[in-house]
Protein chains: 2
Amino acid sequence: MAANIPTTRSECEARDSADPLAAARTAFALPEGVIYLDGHSLGPATHAALKRVQTTAQEEWARGLIRSWNDAGWFELPRTVGAKLARLIGAQADEVIVTDSVSVNLFKLATAALPLARGRVIIVEDSEFPTDQYVAEGIAGVTGAELMRVGVGKGTDALARTGGVLIKSVVNYRTSLVEDVAASEEIATQAGGVIVWDLSHATGVLDLQLNAHGAKLATGCTYKFINGGPGAPSFIYARGDVAARMQSPVSGWFGHAAPFAFDAGYHPLEGVGRFAAGTPGVLSLSALDASLSAFDGVAMSDVAAKARALGDLVATRTAELGLESISPANSLARGGHVSVRHADGYAVTQALIARGVIPDFRAPDAIRFGVAPLYVRFVDVWDAMDQLADILATRAWDRPEFLRRAAVT
Amino acid sequence: MAANIPTTRSECEARDSADPLAAARTAFALPEGVIYLDGHSLGPATHAALKRVQTTAQEEWARGLIRSWNDAGWFELPRTVGAKLARLIGAQADEVIVTDSVSVNLFKLATAALPLARGRVIIVEDSEFPTDQYVAEGIAGVTGAELMRVGVGKGTDALARTGGVLIKSVVNYRTSLVEDVAASEEIATQAGGVIVWDLSHATGVLDLQLNAHGAKLATGCTYKFINGGPGAPSFIYARGDVAARMQSPVSGWFGHAAPFAFDAGYHPLEGVGRFAAGTPGVLSLSALDASLSAFDGVAMSDVAAKARALGDLVATRTAELGLESISPANSLARGGHVSVRHADGYAVTQALIARGVIPDFRAPDAIRFGVAPLYVRFVDVWDAMDQLADILATRAWDRPEFLRRAAVT
C-alpha cells in the first residue's frame, strides 16, 4: 500500500486540488447529494451523452429517418466508437468494434478461437463472473469441446497443460484482483492455447496495453468505467493477424464485407469487423460515443494511478473499521474497486444508499466500493467512509427495509 | 386486387376520412414535407418514444443511476416489452422477450432447434434476407449440421424431405410475398422438422396469429413496422412447451433463473426467458417500449386491411406507369410493402428522396414502397405516385448525384 494515504479530510482536499484529473469531473451529470461509488457496475451520465441521446433521437431519427444511416454516420458507429475505445486499451484503431453484449461476444470469440487452439477445451475459473462461466458451458454444449472448470487462479495452469481456450477477466468482479496479461499470453503462446480476455471491470480504469502485452482477443463492457449508459453495447478487440484466421459463429450481415450487396454467400470483413452481427442499436451506441469524450486528453496512466490511490484510502479506512478486505492490498494488483466482507453486506449497502452513498453488493457477502478516477474525489471517499463508520457503529443497517432483497443487486 | 381502389385524389381523401386508424397518425413525429414510405426499413419516431428516451436518460440513468435497475423496471423490460409485442403477433404474453438482434436470435433459435429436429440440416432459401442465409451458414460451420440452400419457395419441400430446421421469413424482404404459416407448420410437424420464423417484415403490419397457426419459434425486427428506433432490439417468440426443451447456445446470465445469485452452473429460466443473454440495452429498449403505445387499442386486422388497400393503390398506379411489380397482385399474399423493378431503381429512389418521398431500394433493381398503416394515408400514396410519374416522365433521376451509391441503401 502506498505511503501517502490521506489521514484527514483536509489532506483529501489537498489531494483533490492537486489532482491532474480534477477537471474531468465537470463532464458528468452527477445528482446532488450523491457519492457514487458504483462506477464498476453502471457509470454515471455525462452531459455530452445526455445531449447526444436527444440529438440522435430528435434530429437523426425523427427528422433524418432512414437517411441518417448514411448522413449521421450510423453505419460507421461500430467502427468509429471502437477506434475511440482502442486508445484506452492500448490497441490499434482498427482492432476494435462495438457490437452486441459481453455474453454474446464471449460466445463468438471463444467459439471462433477453438480451431486456433491446440486443445479442444474451454477453460474457466469458478471465480469468474457468472456469465463467463455460463457462456463457456454453452459453448461446450454446442461445439462438443470439453468444459474445464478450474479453481481460483488455476486458469493458466490448465491452459499450459491443455493448450485450450481460456476465458479470463483482467480484473475479477468480486476481488478486484488484476491478472498479468503479458505473463499469461506467454504461457498461452508456449502451450498453443488462446486467451479470450474479459475487460469488463478493467476498461477505463487500468492502463491496459493489449498490443504491448501480446493480447490477441478481448471483449468488455462499456457501461461501467466507460460510462456508456445502461446496457451500452460491448466491444471486441481482435488483433488483425488473429482475426484474419477466425470465423465468427454468428455470421450476420453487419460482419459481411458488403452487407448491402445482398450476396447469398458469407464473405467476412477484414479484421475485427467480421465479429459484428446484426443491426447496431444506434441510440445506445450514440450515447456511448458521446460518453467517451470524457476521456479526451486524459492519460490512462493518470487514471490508473488515481484509482490506486483512492483504492488505498478505501482499504485503509475499511481496515480501521475492522472489515476484512478480499481485494489485494498491493494497489498494483488491484482494479478500480475494493471489496470488503460483511455478513450483512446487503443490508449495509442499502443503508449506505439511503444516505446517498452508493456502492454495490455481490453475493454472498461482498460490499464493493468503486473508485472511478474521472469523477470520484478523495473527499468523496473520505465522506463515504465516515457514513460507513456511523452505520456500522449504530447498526443502522439492521432494519427490515434494508434486509429485503431486490431483483437486481 | 380489391375492387375499390381510389382513382382520384379526392377519393383518397374520402378513404382517409373514413379510416378507423386515422387517429393513430397523431402519435408520430413525422417531419414536415416528407411522405415516408420506408417503414419496412426504419419506422419513424413517435412523440412517446422521443419523450421516453429523454426520461430514461435524464431521470432514470443520470438521477436514478444503478438504482433504476429495480426502481425504473429496467430489469423487467425484456419481458414487459415482450408482453406488449405478444398481442401484435398472436402469442401469449409470457412467450415473447426482447433481446439482441435478429441475427443473434436466428443463431440462438436455429442452433437450439437442431436437437428437436429429425434431420440435422439447416435449410434456407436463396431468396431469403441475406443475414438469414449467412447465419444459417455460420450455424452449419459451428455445429456440423448440413447446410441446405434451396431455391425460391422450395423451403417447405426440403423440410418435408429432411425433417430439418428451416429458417423462413413470413414476408419476403424483396417481393413482400407472405408465407402460409399454418400450412408450413403442418408440413413441419408431419416431417419431424422445425421452422424458425423471421417476422422482420411482418410484425406490426400483418395480423399474425402465431399461436393459432401452430408456430413454435420466431424472431423479428422491432425497428421497422413497430417503430422502435434505429437498431432497436429484436424479439424472440418461443411457445412454452417448445422452449422448455431447448438450450440456448449463448447461455448468458440474463437467461439464468437467478442471475444475481451468482451460481457457478447454468440453470435457465422457464420458457422463452432462457433466450436472453447479456445485459439489455436500456435506452433502445425504453424507446421501443414507448413506441409500442402507438398500437394501443388498434386491431391488427384493421392494420392488415389498410396495408392491403394502400398496397393495391401502389400496385395500380405503378402498373399504370409501366413498372413491373415483383410483389403479389393478390393483396392477401402481400405484406406491408410493394416492390417494383426499374433498371435504374437506385437513382429513381434517390430522386424521390430529393423530393421528400422516401421509399428504399434493394439490389439489384427493386424499389420498395412501404405502406405502414398507422401513419401513411391514401393521399400520401397518391401524391408519392404523382412524384414518381413525373420523375420517370422527365428522367429526373438521371443525374450524377442520384446514381452514386451510399454505404447503406
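No lab work stands behind these numbers, since they all come straight from the coordinates. Here the structure is a predicted model, which is why all the values come from computation and not from measurement. All Cβ positions, even for glycine, are placed from backbone atoms using ideal geometry, and neighbour counts span all protein chains on display.
For this structure, a couple of remarks:
- Pairs of Lys residues in chain A are counted when their Cα atoms are under 20 angstrom apart and they lie 8 or more places apart or on different chains; the count is 10.
- Scoring B:283-289, A:268-274, A:202-208 by mean Cβ neighbours within 10 Å over their residues and listing the highest first yields B:283-289, A:202-208, A:268-274.
- To the nearest ten degrees, helix B:300-320 and the longest principal axis of the Cα atoms of chain B are 40 degrees apart.
- Listed residue (A:LEU21, A:PHE254, A:SER339) projecting farthest to the positive dipole end of chain A, Cβ model: A:PHE254
- With contacts taken as Cα pairs under 8 Å and at least 6 residues apart, the stretch B:272-409 reaches a relative contact order of 23 percent.
- In this structure, A:ASP386 and A:THR80 have a Cβ-Cβ separation that, at R0 = 45 Å, corresponds to a calculated FRET efficiency of about 0.55.
- With its label point defined 7 Å out from Cα along the Cα-to-Cβ axis, B:THR7 lies at 9.9 nm from the matching points of the other copies, in increasing order.
- Shielding by partners for peptide B:94-107, expressed as the average number of C-beta atoms from other protein chains within 10 Å of each residue's C-beta, is 5.
- In plain terms, the C-alpha convex hull of the stretch A:364-409 casts an average shadow of 4.4 nm² when viewed from every direction.
- Here each label is just a point 7 Å from Cα along the line to Cβ, and for A:ALA407 and B:ALA258 those points are 1.7 nm apart.
- DSSP beta bridge pairing in chain B, given as percent antiparallel to the nearest 5: 55 percent
- Label distances, nm, B:ALA23 versus same residue in remaining copies, Cβ-directed 7 Å point: 5.6
- Stretched out straight at 0.36 nm per residue, the stretch from A:ARG118 to A:ASP157 would grow longer than its current Cα-Cα span by 12.5 nm.
- Overall, the ratio between the Cα radius of gyration of chain B and 2.2 N^0.38 Å, rounded to two decimals, is 1.00.
- Shown for A:CYS12, A:CYS221: other C-beta atoms within 10 Å of each C-beta, ranked fewest to most, produce the order A:CYS12, A:CYS221.
- On the basis of the beta-carbon distance and an R0 of 30 Å, A:LYS51 and B:ALA93 show a calculated FRET efficiency of 0.25.
- Measuring spread by the Cα atoms of the stretch A:51-295 yields a radius of gyration and Dmax of 17.7, 58 Å.
- For chain A, the longest principal axis of the Cα atoms and the long axis of helix A:378-394 meet at an angle of about 60 degrees.
- A helix-only calculation puts chain B at -10500 deg cm²/dmol for mean residue ellipticity at 222 nm, using -39500 (n - 2.57) for each DSSP H run of at least four residues, averaged over all residues.
- Cα-based helix-to-principal-axis angle, A:102-113 vs chain A, degrees rounded to 10: 50 degrees
- For the Cα trace of the protein assembly as shown, dividing Rg by the Kirkwood Rh returns an Rg/Rh value of 0.99.
- Fewest-first sequence of B:HIS256, A:HIS337, A:HIS47, B:HIS342 by Cβ atoms within 10 Å of each Cβ: A:HIS47, B:HIS342, B:HIS256, A:HIS337
- In Hz, Karplus ³J(HN,Hα) per residue of the stretch B:51-56 (6.51, -1.76, 1.60; θ = phi - 60°; x = Gly, Pro): 5, 5, 4, 5, 4, 5
- Efficiency of FRET from Cβ geometry, A:GLU13 and A:GLU146, R₀ 45 Å, rounded to 0.05: 0.20
- By DSSP, the beta bridges lying fully in the stretch A:51-295 are antiparallel in about 35 percent of cases.
- Per-residue shielding of A:135-143, expressed as the average number of other chain Cβ atoms within 10 Å of the residue Cβ, stands at 6.
- Remark: spin-label model distance A:LEU321-A:THR394 equals 1.4 nm, labels positioned 7 Å along the Cα→Cβ axis.
- Here the stretch B:192-298 is described by how far its Cα atoms reach on the three principal axes: 44, 40, 22 Å, from widest to narrowest.
- With the biggest extent put first, the Cα atoms of the stretch A:118-172 measure 28, 23, 15 Å across the principal axes.
- Relative contact order of chain B: 22 percent, from C-alpha pairs under 8 Å at least 6 residues apart in sequence.
- Relative exposure of A:PHE361, B:PHE262, judged by other C-beta atoms within 10 Å (fewest first): B:PHE262, A:PHE361
- Residues whose amide H lies under 5 Å from that of A:VAL205, counting only those 5 or more places away or on a different chain, are absent; hydrogens are built 1.01 Å from N in the peptide plane.
- Look at the dipole of the protein assembly as shown built from charges on Cβ: of A:LEU403, A:PHE75, A:MET148, the Cα furthest out on the positive end belongs to A:MET148.
- Our summary gives the stretch A:51-295 a relative contact order of 23 percent, counting only alpha carbon pairs under 8 angstrom and 6 or more residues apart.
- Average partner coverage of A:280-292, which counts Cβ from other chains inside 10 Å: 6
- Label 7 Å beyond Cα on the Cβ vector: A:ALA244 copy-to-copy distances, nm: 5.2
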